[in-house]
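Right, one structure below, let's go through it.
The values are calculated or read from the model by the stated rules, or taken from the named source; none is laboratory data. Since the model is a prediction, treat every value here as computed from it, not as a measurement. Cβ coordinates were reconstructed from backbone atoms using ideal geometry, including for glycine residues, and neighbour counts include every protein chain displayed.
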Amino acid sequence: MQQAARSIRVPRKLQRSTCRLFHNNSSLGSSNTSGRTTSFGFKTVPEESKESLVKGVFDSVASKYDLMNDASSLGVHRLWKDSLIDTLKPGRKGPLRCIDVAGGTGDIALRILDHARENYADRETTVEIVDINAQMLKEGFTRFKKTMYHNTPQVSFHEANAQELPPSQFKDDSYDLYTITFGIRNCTSIPAVLREAYRVLKPGATFACLEFSKVNNPLLSTLYDQYSFTVIPLLGTILAGDRDSYQYLVESIRKFPSQPEFAQMIRDAGFSTGGDFDGGAWTDLWGGIASIHTGVKV
Amino acid sequence: MRTHSRVLFSLMSPACGSCRGIHGWGRVSNNTAVALGSSSSPRSLSYSINRKLHSAHSSTRPQPSYPGHIPLTPFENTFLAAGSALMSLIDTRRADMVAACGETTAGSTLVKLRDIVLESPEGRRILKERPRINSQTLDMEKLRSLPENTFGRAYIGWLDACKVTPDSREPVHYIDDPELAYVMQRYRETHDFYHALFGFKVSALPELALKAFEFTNLGFPMTALSLGASLRLKSPQRARLWTEFVPWALRCGSHARCLLTVYWEERWEQDLDEMKRELGVWDPPAGITIPQPSRIASF
């Protein structure tokens, strides 16, 4: 994907490269060998192309990812991530071997390690950060250089596809905690990701997913929609010089399954979850704007 | 259950496909009513309603009038105007933000300019033919072969001296009318010709002097706003801008004919000095222009 490779340049050039990626959708039709399609935001694309389209988006947003997260959520994403860690309490029952998938810039990994260290004096917990996108991993690596975990066995970075984790590197039944935060909706096949999560987790281990979800309150939903479709693409234009990537991101949120549907998918992969209500298989944050889904491998 | 769902729906209709913003409370579009009828169990009713309404979002924006057009609501326009102005100040190299600021603050300027362009025969030819300026439409070798003091030679000399290409201009996105969008695009693409006409370099001080000139000559609010970026200049440079170059720009810009009416591509062979007399412009004070081969160097 030459367009995707070219988009690894300064932000103001990226708009053109990403636009080309989006406007060339018609040429992608010729590579549709299986005939299966999937959604890319509100567009429908051949299944084979989604991965490279998403790669293009994240190559483009990587350098401004953290800034855009803060700007578009007005910093609230930090509260949600803190909430996830408070729910999981990593390190409470001893050191954990964690895998943080789609963990690119390292927000969750850093919180896991800090929580274990600060609350339980745990320096043995490790996190393996896995991401399909090298640019995002690079941002994460750079951020970790500013912390005490750089060059220690506590953090490591791996470029891999969440749907097909290489079995030689990610063995069966080997992790105590699997987290995926704001990443699963970008994957082509959610069931495949869940199956891989089930495979690599030890029996009794926890699966946790923090993701944007459905807002059920109609008033909040309207305001949230207005904000998402009006302000966020503009913030992308202003801060990152890239409207299309952020348009894709807000559209992909709408295409993600609702809380009960996703909980069922988690159960279908073999996990055991709580009941189908808020506080059971999932916990809604801020009215359902984000939601934490958890499951246990039995 | 049907009554219940209709009540539920009318509460949520602001997000439906037939209306933008918080208008149209209580309007129920036909297709969504049908979709309502097909929803399954009561428990999943609210979830599936949300799904169908949210999927209407791609149709809430009107269709683009030309490739690259992004229609904005008034709120979005104001937001982008403020945001792009701020961002242009923070990072002055964000040409796309300067462009966005120009477009979102243009208002009626483009209408006035289009009318001025229509009043001159040369301008009417421009609007009819809609020439574009990029490395495909310009014959660089032919320009390089022109005699020394011609406009075409001066332009190519300026491109080489400042190491820029004619391809770096951001396309227009936020102007709704296609003809006005072309006028904006033409302004952006001919900006380099104004540089070449005076020999302005591409650093901050000459750019601001040129923006002041464009404000009096063309009238875009963004050009006046951009003078706010003079705060980013060092003190002596800022003083020179306001005491020497802005007075020149104001006098020269208002005296000159509207430069958007100039069909530059027909004038490559025209002598530069004669062109300046015809257009009613004169050289700026020394210090921000590239060395002209036919003049005495003024470093």
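Considering A:S291, A:S213, A:S258, the condition of being within 11 Å of another protein chain (Cβ to nearest Cβ), within 18 Å of A:A102 (Cβ to Cβ) and touching a residue at least 40 places away in the same chain (Cβ under 8 Å) is satisfied by A:S213 alone.
Against the conditions (1) buried (at least 22 other Cβ atoms within 10 Å of the Cβ); (2) at pLDDT below 95, A:G287 satisfies every one except (1). What's the number of the only condition in (1) outside any loop (DSSP other than H, G, I, E, B); (2) modelled with pLDDT under 85; (3) among the basic types (K, R) that A:K50 fails to meet? Tallying (1) outside any loop (DSSP other than H, G, I, E, B); (2) modelled with pLDDT under 85; (3) among the basic types (K, R), A:K50 fails exactly one: (2).
Going residue by residue through the stretch A:83-93, is there one that turns out to be in a loop (DSSP other than H, G, I, E, B) and within 22 Å of A:F141 (Cα to Cα)? Even if it seems obvious, please write down each step before you answer.
Step one: filter the stretch A:83-93 for residues in a loop (DSSP other than H, G, I, E, B), giving A:89-93.
Of the ones still in play, those that are also within 22 Å of A:F141 (Cα to Cα) are A:90.
Scanning the stretch A:83-93 turns up at least one residue that is in a loop (DSSP other than H, G, I, E, B) and within 22 Å of A:F141 (Cα to Cα).
Being among the small types (G, A, S), closer than 30 Å to B:L208 by Cα and modelled with pLDDT under 90: is that true of B:A99 here? It is false that B:A99 is among the small types (G, A, S), closer than 30 Å to B:L208 by Cα and modelled with pLDDT under 90. Of the residues making up the stretch B:69-84, those that are at the interface with chain A (Cβ under 10 Å from one of its Cβ atoms) and of a type in the set (A, V, I, L, M, F, W, C) are B:I70, B:L72, B:F75, B:F79, B:L80, B:A82. Listed conditions (1) closer than 26 Å to A:Y178 by Cβ; (2) within 13 Å of chain B (Cβ to nearest Cβ); (3) without any contact (Cβ under 8 Å) to a residue 40 or more places away in the chain are all met by A:L234, apart from (1). When A:V296 is tested against (1) part of a strand (DSSP E or B); (2) within 11 Å of chain B (Cβ to nearest Cβ), only condition (2) is not met. On the basis of being at pLDDT 90 or above and either out of contact with any Leu (no Cβ under 9 Å at 6 or more places or on another chain) or of a type in the set (K, R) (or both), does B:K201 make the cut? Considered against the rule, which asks whether it is at pLDDT 90 or above and either out of contact with any Leu (no Cβ under 9 Å at 6 or more places or on another chain) or of a type in the set (K, R) (or both), B:K201 comes out as no. Selection over the stretch B:71-108 of residues that are surrounded by 18 or more Cβ atoms within 10 Å (Cβ to Cβ) and assigned to a loop (DSSP other than H, G, I, E, B) gives a count of 4.
Considering only residues that are closer than 21 Å to B:Q237 by Cα and polar (S, T, N, Q), look in the stretch B:262-299 and name the one that is modelled with the highest pLDDT. Filtering the stretch B:262-299 for residues that are closer than 21 Å to B:Q237 by Cα and polar (S, T, N, Q), the one modelled with the highest pLDDT comes out as B:T289.
Residues in the stretch B:245-284 that are farther than 18 Å from B:Y155 by Cα and part of a loop (DSSP other than H, G, I, E, B): 4 in all.
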